[in-house]
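Undergrad: Let me give you the structure first, and then I'll get to my questions.
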Amino acid sequence: MQKKWWHEKIAYQIYPKSFMDGNGDGIGDLAGIIEKLDYLKELGIDIVWLSPVYQSPFVDQGYDISDYYSIAEEFGTMEDFDRLLEEAKKRNIDIIMDLVINHCSDRHEWFQKALAEPDGEYGEYFYFEKGKDGNPPSNYRSYFGGSAWEKVPGTDKYYLHMFAKEQPDLNWENPVVRQKLFDMVNWWLEKGIAGFRIDAIINIKKDLNFPDFEPDGPDGLCACTKMVEQAEGIGEFLGELKENTFAPHDAFTVGEVFNMKEDALEEFVGDNGYFSSMFDFAPHILSMGKNGWYDAKDINFAQWKKAIIDSQLNCQGKAYLANIIENHDEPRGASRYLPAHARNKEGVKMLGTVSLLLRGIPFLYQGQEIGMTNCRMSDISEYDDIDTRNQYQTALDAGFSKEEALKICYKYSRDNARTPMQWSSEENAGFTGGRPWMKVNDNYKEINVKDQQGDKNSVLSYYKKLIALRKSPEWKDVFVYGEFVPEFEESDNVFAYWRISGEKKALILANFGMEKETLKLSACAKEILLCNRERAGNLKVKDCIELEPSEVLVLRMEA
Ligand code: TEU
Ligand code: CA
């Protein structure tokens, strides 16, 4: 593969509303992010992805944009944004924005104009379709539940919204819409951002016949993704987007791509792909329920390990994926991928190690580096997320009690990752001097940045070492470009792999089991590069290694 400027980078996702409040109104903001740039620098971060900071009514936390050219007043001003760019640049940190162009907000000027004159120019910016025999045009269920079609008031038409009804889908078939979006993307790139994380992008291509499908749930509807999966021709849109915007700026782009057609990997993210990279969601989709969170399955170690290994092997030499443990749509990895006995400091370090040393660009999510966990809420009203409310209701409709439905949210809610960042053991975890917009996790006194900064055995201190190892001049080539080779694949408890670049070889060994594991190595271990426990520096038996439960080792192996 061709080398690219971003291959060696470590990225970090900020969820602005919950990162740091700079002005005491209880909501995170740009000033707060600026305050914490030194913290990110010290951690070893090179690229910051900002979840949406555009003007928005926040029905879906900023993923419903009402003006692509302004900053939400909750977060600050365009001057604050420019200052953020400048301050980041001083520290050699690149900023990438969230690009939400499958849909906009129903408060966006385009949609307002479309509603005012459905048959006019702006009606063509959206999918306005006639209903069928008094019903919506088709039987699609939106991502957030209920029909994906909503009546256009005063007409016999419906508009399509794959997500909330306040998020009307933009009509990508209309060249005027595409041009306006391209202009906007270029405007931001010219401002000096380094690229974008691209939201829900697979949804931009529709099957314009909007066919009905066999219902797949008790609501009699079918997932709108069915239509997306059979729509042909997304490549033309994505190619045009890239050529008109990203390519001339040499931008870094990472796609949020679900439901991609098989074999489209290189077309999407190969050397000449539409995007630089895309997230590897293979481990995350394992626990997706058929009808919702209520029938979601716990992660099974063997399946999880296999999903990661398969992705790694599948993209080797073809693509460079973006690896995550969690993001703003997922529960916390520490509460999800670790078996119960390993849900502790050492386990969190182990999970971080096996993830960050994979081939691909690591994206940390705020709080992951201190081991933040899911948050227990005492009532559904404590949740803000639109999808959590929907999933709670779906569980009730399926016959679960309120208590059970709440438990389900505790496991899977998107708000698990959206509680305020835990900066210190002070009030509100040091996130705000005001009243936080969302509950702070009760465990902030045990899990917070400040305490971990002063503790050389903390998760945070370990993450710094881990990132430093990955970026070290000596090991960079191995961890960035080296081959990935799984090891001890048949083991029920051990996750292990090699990273190999020429003569240089590293072996990563992690024991997710409850018992000690003795591993017979196929080569001699020369040195411990990193370990999450105290080990007396030297290796006793060099071709045979004992691993304690929740222990992870990164070894330099004989050439
Ligand atoms: O998510 C897109 C997506 O496809 C969903 O799988 C989403 O993860 C799911 O609804 C989770 O419950 C993106 C954003 O990451 C998400 O935050 C937004 O809500 C969504 O797009 C709409 O913009
Ligand atoms: Ca604020």
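Undergrad: Filter the GluC sites (Glu not before Pro) in the stretch 175-272 to those in DSSP coil with at most 14 other Cβ atoms within 10 Å of their Cβ, and list the result. Display every interim value, and only then the final one.
TA: Values: sites: 190, 229, 232, 236, 240, 243, 256, 262, 266, 267; in loops: 232, 256, 262.
Answer by residue number: 232, 262.
Undergrad: Averaged per residue, what accessible area in Å² does the chain show with a 1.4 Å probe, protein chains only? Show your work: numbers first, answer last.
TA: Details: 22170 Å² over 559 residues.
So the chain comes to 40 Å² accessible per residue, rounded to a whole number.
Undergrad: Okay, moving on. So what does residue 176 come to for accessible area, using a 1.4 Å probe and Å² rounded to 10?
TA: 70
Undergrad: Among residues other than residue 256 whose Cβ falls under 10 Å from its Cβ, what is the net charge (Lys/Arg +1, Asp/Glu -1)?
TA: Details: positive: 197; negative: 98, 199, 329.
Counting the neighbours of residue 256, the net charge comes to -2.
Undergrad: Rounded to whole Å, give me the distance from the Cα center of the stretch 42-109 to that of the stretch 185-230.
TA: One Cα centre to the other: 21 Å.
Undergrad: A further question on this structure: Aspartates and glutamates near residue 542 by alpha-carbon distance under 13 Å, same-chain residues fewer than 8 away left out - which ones?
TA: 527, 558
Undergrad: Output the 0 to 90 degree angle, nearest 10, between the alpha-carbon long axis of helix 386-397 and the longest principal axis computed from the alpha carbons of the chain.
TA: Compared with the principal axis, the helix lies near 90 degrees.
Undergrad: Also, I was wondering about something else. So what's the angle, to the nearest 10 degrees on a 0 to 90 scale, between helix 175-191 and the longest Cα principal axis of the chain?
TA: Relative to the chain, helix 175-191 is tipped by roughly 40 degrees.
Undergrad: Ok, one more. Charges at C-beta only: +1 for Lys and Arg, -1 for Asp and Glu. How large is the resulting dipole of the stretch 109-160 about its Cα centre, in Debye rounded to 20? Intermediate results must be reported in sequence, preceding the final value.
TA: Numbers: 6 positive and 9 negative charges, 60 e Å.
Dipole magnitude for the stretch 109-160 comes out near 280 debye.
Undergrad: Summing Lys, Arg as +1 and Asp, Glu as -1, what charge do residues with Cβ under 12 Å from the Cβ of residue 236 carry, residue 236 excluded?
TA: Values: positive: 178, 205, 242; negative: 173, 232, 240, 243, 267.
So the environment of residue 236 carries a net charge of -2.
Undergrad: Using the Cα centre of the stretch 159-201 as the reference point, and only Cβ charges (+1 on K/R, -1 on D/E), how large is the resulting charge dipole? Debye, rounded to the nearest 20.
TA: Values: 5 positive and 6 negative charges, 16 e Å.
That gives the stretch 159-201 a dipole magnitude of about 80 debye.
Undergrad: Related question: Please identify every one of the trypsin sites (Lys or Arg not before Pro) in the stretch 490-528 that sits in a loop by DSSP and has no more than 15 other beta carbons within 10 Å of its own beta carbon. Could the numbers behind the result be given before it?
TA: Numbers: sites: 499, 504, 505, 516, 520, 526; in loops: 516.
Here the trypsin sites (Lys or Arg not before Pro) that fit, given the DSSP loop and packing criteria, are 516.
Undergrad: If you don't mind, another one. Using a 1.4 Å probe on the protein chains only, how many percent of the accessible area of the stretch 109-160 belongs to carbon and sulfur?
TA: Details: 1130 of 2550 Å².
So the carbon and sulfur contribution to the accessible surface is 44 percent.
Undergrad: Carbon and sulfur together cover what percent of the accessible area of the stretch 381-486 at a 1.4 Å probe radius?
TA: 47
Undergrad: Calculated from DSSP H runs of 4 or more alone, at -39500 (n - 2.57) each and per residue, what is the 222 nm mean residue ellipticity of the chain, nearest 500? Show your work: numbers first, answer last.
TA: Working: 15 runs with 144 residues, N = 559.
The helix-only estimate for the chain comes to -7500 deg cm²/dmol at 222 nm.
Undergrad: Sticking with this one: Could you grab the relative contact order for the chain? Cα pairs under 8 Å, six or more apart, rounded to a whole percent. Walk me through the intermediate numbers first.
TA: Values: 1138 pairs, mean separation 70.0, N = 559.
It comes to 13 percent, rounded to a whole number.
Undergrad: Structure shown: which of 465/520; 17/180; 89/318; 349/471; 113/151 lie over 24 Å apart, alpha-carbon to alpha-carbon?
TA: Numbers: 465/520 27 Å; 17/180 28 Å; 89/318 31 Å; 349/471 18 Å; 113/151 16 Å.
From 465/520; 17/180; 89/318; 349/471; 113/151, over 24 Å: 465/520; 17/180; 89/318.
Undergrad: Would you be so kind as to identify which of 111, 143, 123 lies farthest towards the positive end of the dipole of the stretch 96-157, taking Lys and Arg as +1 and Asp and Glu as -1 on Cβ and the Cα centre as origin?
TA: 143
Undergrad: Would you grab the residues whose amide H sits under 5 Å from the one on residue 198? Only those 5+ places off in sequence or on another chain, please, with H modelled 1.01 Å from N.
TA: Sorted by chain and number, the residues that satisfy this are 99, 254, 255, 256.
Undergrad: Sticking with this structure for a sec: Give me the dipole magnitude in Debye, nearest 20, for the chain about the Cα centre, with unit charges on the beta carbon: positive for Lys and Arg, negative for Asp and Glu. Please list the in-between numbers first.
TA: Working: 66 positive and 94 negative charges, 420 e Å.
That gives the chain a dipole magnitude of about 2020 debye.
Undergrad: Another question, then. I'd like the distance between the alpha-carbon centres of the stretch 121-175 and the stretch 451-483, rounded to an integer number of Å.
TA: 48
Undergrad: What residues qualify as long-range amide H neighbours of residue 94, i.e. H under 5 Å apart, gap of 5 or more or another chain, H built at 1.01 Å from N?
TA: 47, 48
Undergrad: Measure nothing fancy, just the Cα-based angle from helix 402-412's long axis to the longest principal axis of the chain, in degrees from 0 to 90, nearest 10.
TA: 60
Undergrad: Packing-wise, with mean Cβ within 10 Å as the measure, how do 405-414, 347-356 rank, highest first?
TA: On the way: 405-414: 20.7, 347-356: 24.9.
Per-residue mean Cβ counts within 10 Å order the peptides as 347-356, 405-414.
The values are calculated or read from the model by the stated rules, or taken from the named source; none is laboratory data. Computed from a predicted model, the values in this text were never measured in an experiment. Glycine also receives a Cβ, built like all others from the backbone with ideal geometry; neighbour counts cover every protein chain displayed. These area figures cover heavy atoms from the full protein model, side chains too; ligands, DNA and RNA do not enter into them. Shrake-Rupley method; radii C 1.70, N 1.55, O 1.52, S 1.80 Å.
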